[in-house]
1. Only one residue in Phe33, Phe83 is at pLDDT 95 or above, more than 18 Å from Thr151 (Cα to Cα), open to solvent by 60 Å² or more (accessible area, probe 1.4 Å) and within 11 Å of the ligand (Cβ to nearest atom). Which one?
2. So which residues in the range 184-216 are more than 17 Å from Ile59 (Cβ to Cβ) and surrounded by 23 or more Cβ atoms within 10 Å (Cβ to Cβ), if there are any at all?
3. Taking the options Glu288, Glu266, Glu219, Glu228, name whichever one is surrounded by 13 or more Cβ atoms within 10 Å (Cβ to Cβ) and over 26 Å from Pro122 (Cα atoms).
4. Tell me, please, whether a residue that is surrounded by fewer than 23 Cβ atoms within 10 Å (Cβ to Cβ), under 27 Å from Asp244 (Cβ atoms) and touching a Ser or Thr at 6+ places or on another chain (Cβ under 7 Å) can be found in the range 136-150.
5. So Pro74 passes all but one of these: (1) within 13 Å of the ligand (Cβ to nearest atom); (2) out of contact with any Leu (no Cβ under 8 Å at 6 or more places or on another chain); (3) within 22 Å of Arg164 (Cα to Cα). Which condition number does it fail?
6. Among the residues of the range 231-263, count how many are open to solvent by less than 70 Å² (accessible area, probe 1.4 Å) and aromatic (Phe, Trp, Tyr).
7. Does Glu47 meet the test of being closer than 25 Å to Val7 by Cα, acidic (Asp, Glu) and in contact (Cβ under 8 Å) with a residue 24 or more places away in the chain?
8. Restrict the check to the range 17-26 and report whether at least one residue is open to solvent by 20 Å² or more (accessible area, probe 1.4 Å), within 8 Å of the ligand (Cβ to nearest atom) and part of a loop (DSSP other than H, G, I, E, B).
Amino acid sequence: MQQRRVVILGGSGQLGVELCREFERRNWAVQKFDRKSLDVTDANLVESVIAQADPQVVINSAAYNQVDIAETEPRAAYDANAFAVRNLAMACRQVDARLVHYSTDYVFDGTKGSPYVETDRPHPLGAYGVSKFAGELYAQAYLDNPLVLRTSGVFGPAGFFTPRGNFVELMLRLAKGNAPIRVVQDYVASPSYAPAMAERTADLVEKGIGGLFHLGGGEPISWYKYAELIFDLAGLSPALTPTDAREYRTAARRPQYSALSNSKLEQAGIKPMPPLREAIKDYLEAREHITAHRSS
Ligand SMILES: NC(=O)c1ccc[n+]([C@@H]2O[C@H](COP(=O)([O-])OP(=O)(O)OC[C@H]3O[C@@H](n4cnc5c(N)ncnc54)[C@H](OP(=O)(O)O)[C@@H]3O)[C@@H](O)[C@H]2O)c1
């Protein structure tokens, strides 16, 4: 049987690294591109690369994720998160490839107060959320059945190397200093483990499932409780105190409660995401392995 071909964009990001690993493990021929080898905002290049690769599946895990900076450069966010998806969707249509695209819990305004489902009405609160929502619309406008996966608070071992890292890396870095660590207790998300996301994405692809799905961590938790759990599992006890959004102001408005319900995904026969505690443990083990490897 001929090997199935997948093109993975944003291949050096937290999720991209895991997607490459997972599809290779499943014996797909993986062509990985990072920003240097393929800037997704370059429509001509996107078209020619995809035409040449002629893949069955294109997975876009590239994104402009700087939520606060997007408020001062909304056009850059829109180029990478919206127009780039249009480029990709058009290129996929040329070669009949399926598009898998990731979106965010920030398409919601956070006022619901319980986990969001796919039929809830998006109402983004800032430039990043608007750009990601527009990306979803472009995928759905140009293709019959793209797979659009909304996620929340992604963390994966590759965050150890990426410039922006993730929340776990931020907490571990802060714990090394002596300053007290203040984390918001009135904001709730569903942190999502990148290796587990990659596995479920591959399951969806191999089952030929399309549509809009939530693929969050499956467990609503405040950022403060999440920090507590990280320190507990890492065996650290820094001075951690709760704060709230009134005290901790950011440039961008964020949804206060943005946890995602995975029930549609699970009803489609995809196994539940691992408990957050297990995912963080796994992350810390992978991280230990990376650091041991680095110093040897
Ligand atoms: N991280 C989160 O907390 C979070 C939350 C909700 C949804 N999501 C979504 O989940 C998906 C995966 O996120 P992630 O955590 O893996 O993000 P990540 O670690 O920041 O990776 C994103 C990758 O996209 C690359 N990229 C940015 N602009 C690009 C461009 N114009 N052309 C090509 N590549 C470009 C980045 O390269 P550079 O490093 O060179 O910029 C980076 O390697 C994204 O769709 C994201 O919006 C993430």
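The values are calculated or read from the model by the stated rules, or taken from the named source; none is laboratory data. Please read these numbers as outputs of a predicted model, since none were measured by experiment. Here Cβ is always computed from backbone atoms with ideal geometry, including for glycine, and neighbour counts include all displayed protein chains. Calculation scope for accessible area: heavy atoms of the full protein, side chains included, ligands and nucleic acids excluded. Shrake-Rupley method; radii C 1.70, N 1.55, O 1.52, S 1.80 Å.
1. Numbers: Phe33 fails: open to solvent by 60 Å² or more (accessible area, probe 1.4 Å).
Only one candidate qualifies: Phe83.
2. First, pick out the residues of the range 184-216 that are more than 17 Å from Ile59 (Cβ to Cβ): 184-191, 193, 214, 216.
Residues satisfying the conditions are Val188, Ala189, Ser190, Pro191, Tyr193, His214, Gly216.
3. Values: Glu288 fails: surrounded by 13 or more Cβ atoms within 10 Å (Cβ to Cβ); Glu266 fails: over 26 Å from Pro122 (Cα atoms); Glu219 fails: over 26 Å from Pro122 (Cα atoms).
On inspection, the qualifying residue turns out to be Glu228.
4. No, the range 136-150 contains no residue that is surrounded by fewer than 23 Cβ atoms within 10 Å (Cβ to Cβ), under 27 Å from Asp244 (Cβ atoms) and touching a Ser or Thr at 6+ places or on another chain (Cβ under 7 Å).
5. (1)
6. 2
7. Working: closer than 25 Å to Val7 by Cα: yes; acidic (Asp, Glu): yes; in contact (Cβ under 8 Å) with a residue 24 or more places away in the chain: yes.
Yes; evaluated as a whole, the condition is true for this residue.
8. no
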